[in-house]
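**Student:** The structure is given below, and queries will be raised subsequently.
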Amino acid sequence: MLHRLYTIWHPEWYHNPVKGPYFEGWYYKHVDKKGKHSFIVIPGVFIEKDKTKSYAFIHIFK
């Protein structure tokens with residue numbers, strides 16, 4: 001448990017590029033007060049051993 005908390009301040013412990021590529025993304029859904037309209041935002045990152053192939057992105061869905 002304590003190791004997981006330390007990874008917050010040391011992401012290289014969790015996302016070691018030497019191990020290989022990794023993907024991380026976050027899903028946010030926003031709904032209006034009446035619940036009739038919503039949209040989704042997904043920011044993410046893909047890290048490859050070859051840094052020239054790494055990229056970040058944002059998906060927005062209505």
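We did not get these values from a lab; they are worked out from the coordinates using the rules stated. Note that this is a predicted model, so its numbers are computed, not measured. So basically every Cβ, Gly included, is an ideal-geometry build from the backbone, and we count neighbours across all protein chains shown.
**Student:** Could you please report the charge total around residue 57, scoring K, R as +1 and D, E as -1 over all other residues with beta-carbon less than 15 angstrom from its beta-carbon? If you can, show how the numbers build up before the last one.
**Tutor:** Details: positive: 53; negative: 24, 48.
Once positives and negatives cancel, what remains is -1.
**Student:** Using amide H atoms built 1.01 Å from N in the peptide plane, name the residues 5+ places from residue 54, or on other chains, whose amide H lies under 5 Å from its own.
**Tutor:** Residues meeting the amide H criterion: 48.
**Student:** On to the next question. Let's test the formula: R0 of 22 Å, r as the Cβ-Cβ distance of residue 59 and residue 9. What FRET efficiency results, to the nearest 0.05?
**Tutor:** Details: r = 28 Å, r/R0 = 1.27.
After rounding, the FRET efficiency stands at 0.20.
**Student:** Describe numerically, in nm with one decimal, the distance between label points set 7 Å from Cα along Cα→Cβ at residue 37 and at residue 24.
**Tutor:** With each label point 7 Å from Cα toward Cβ, the separation is 3.3 nm.
**Student:** Once you have the Kirkwood Rh of segment 20-62 from its Cα pairs, apply Stokes-Einstein at 37 °C and 0.692 mPa s and quote D in µm²/s. Please list the in-between numbers first.
**Tutor:** On the way: Rh = 11.9 Å.
Approximately 276 µm²/s, per Stokes-Einstein.
**Student:** Something else about it: Within segment 20-62, how many Lys pairs that are eight or more residues apart, or on different chains, come under 30 Å at the alpha-carbon?
**Tutor:** On the way: 29/53; 29/62; 33/62; 34/62; 36/62; 53/62.
Step by step, the pairs that qualify in segment 20-62 add up to 6.
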